[in-house]
Amino acid sequence: MSLNNRLDALKERHATLETRISDEDHRPRPDTDSLMRLKLEKLHLKEEMERLRVRAN
């Protein structure tokens, strides 16, 4: 998988997580454990995307 393809896949996953976080956060009684896991996964994706961007330059 090329670097650009990997970045695109990570961006897509990041956007999906953002939607899931928003959906969970707007429930009447959000599951805080689930929110924490989703946010942590989103952070890891963001960090990986940044590492790939740095490596690409």
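Here are a few things to note about the model shown:
- Take the Cα of Leu7, go 7 Å toward its beta carbon, and the backbone nitrogen atoms of segment 21-57 under 11 Å from that spot belong to 49-57.
- Label sites at Val54 and Glu24, each approximated as a point 7 angstrom past Cα along Cα to Cβ, lie 2.7 nm apart.
- Each residue of segment 28-42 was assigned a 3J(HN,Hα) from its phi angle through the Karplus curve 6.51 cos²θ - 1.76 cosθ + 1.60 (θ = phi - 60°); the sequence is x, 9, x, 7, 5, 5, 5, 4, 4, 5, 4, 5, 5, 4, 4 Hz, with glycine and proline shown as x.
- Counted by neighbouring Cβ atoms within 10 Å, the residues Ser22, Ser2, Ser34 run from fewest to most as Ser2, Ser22, Ser34.
- Relative to the longest principal axis of the Cα atoms of the chain, the long axis of helix 3-25 lies at roughly 10 degrees.
- Based on the convex hull around the alpha carbon atoms, the chain presents an average projected area of 3.8 nm².
We did not get these values from a lab; they are worked out from the coordinates using the rules stated. Since we're looking at a predicted model, the values are computed, not measured. Please note: Cβ atoms are built from the backbone with ideal geometry, for glycine as well, and neighbour counts cover all protein chains shown.
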